[in-house]
């Protein structure tokens, strides 16, 4: 399943008609780059691909949203086929359990090939990154730093992601202790 496709169709349904730049801004507000593995540069490609597949369509030139700072931009809206695809992907995503993939897990399988000092440095660096993300997600969720009229469940999604990061943080801190005590190798 394509999380990018599901997210873009969802944003289109929420705010259509909308142009690619505003789709990107919406996804950035939701912090999707951190939890959905979406490359923001792929949004325009995905919109064009979905349009070619009949999932989305560009609105007629007389309906194109005028840009006050420059030329008119192409705006998109979901077709009936796109709405059905969104519902299919949404149902699949809510029922499916698919563990996250992170190349960090592969690296752990070969950590005996990394010097203890290098591994400790990498773990401490990851600890700092995790703490920063946790703090950012919690602040966004706790202080409701979403645009006005955003649904409350956006905060809950960030709280879920924070809880997952906190579990990883706790595990890595334990690994640092084991490494320092020479308990791993």
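The values are calculated or read from the model by the stated rules, or taken from the named source; none is laboratory data. From a predicted model like this one, the values you see are computed outputs, not experimental measurements. Glycine gets a Cβ as well: all are built from the backbone with ideal geometry, and neighbour counts include every protein chain shown.
Quick notes
- Counting the residues of region 75-123 that are in a helix (DSSP H, G or I) and without any contact (Cβ under 8 Å) to a residue 24 or more places away in the chain gives 19.
- Every residue from region 165-185 that is free of Cβ contacts under 8 Å to residues at least 12 places away in the same chain and assigned to a helix (DSSP H, G or I): 167, 170, 171, 174, 177, 178
- For residue 85, the conditions (1) at pLDDT 90 or above; (2) under 25 Å from residue 164 (Cα atoms) all hold with the exception of (2).
- Within the option set 103, 162, being surrounded by 15 or more Cβ atoms within 10 Å (Cβ to Cβ) and closer than 24 Å to residue 31 by Cβ holds for one residue only, 162.
Residue-by-condition table, conditions (1) farther than 20 Å from residue 80 by Cα; (2) buried (at least 20 other Cβ atoms within 10 Å of the Cβ); (3) out of contact with any strand residue (DSSP E or B) (no Cβ under 6 Å at 6 or more places or on another chain):
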{"site": "11", "(1), (2), (3)": "no, yes, yes"}
{"site": "15", "(1), (2), (3)": "no, no, yes"}
{"site": "23", "(1), (2), (3)": "no, yes, yes"}
{"site": "47", "(1), (2), (3)": "no, yes, no"}
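- In summary, residue 54 fulfils each of the numbered conditions (1) modelled with pLDDT under 90; (2) at positive phi with the single exception of condition (1).
- Residue match in region 109-129 (condition: under 30 Å from residue 2 (Cα atoms), surrounded by 12 or more Cβ atoms within 10 Å (Cβ to Cβ), touching a helix residue (DSSP H, G or I) at 6+ places or on another chain (Cβ under 7 Å) and outside the structural domain of residue 59 (by TED's automatic domain parsing)): yes
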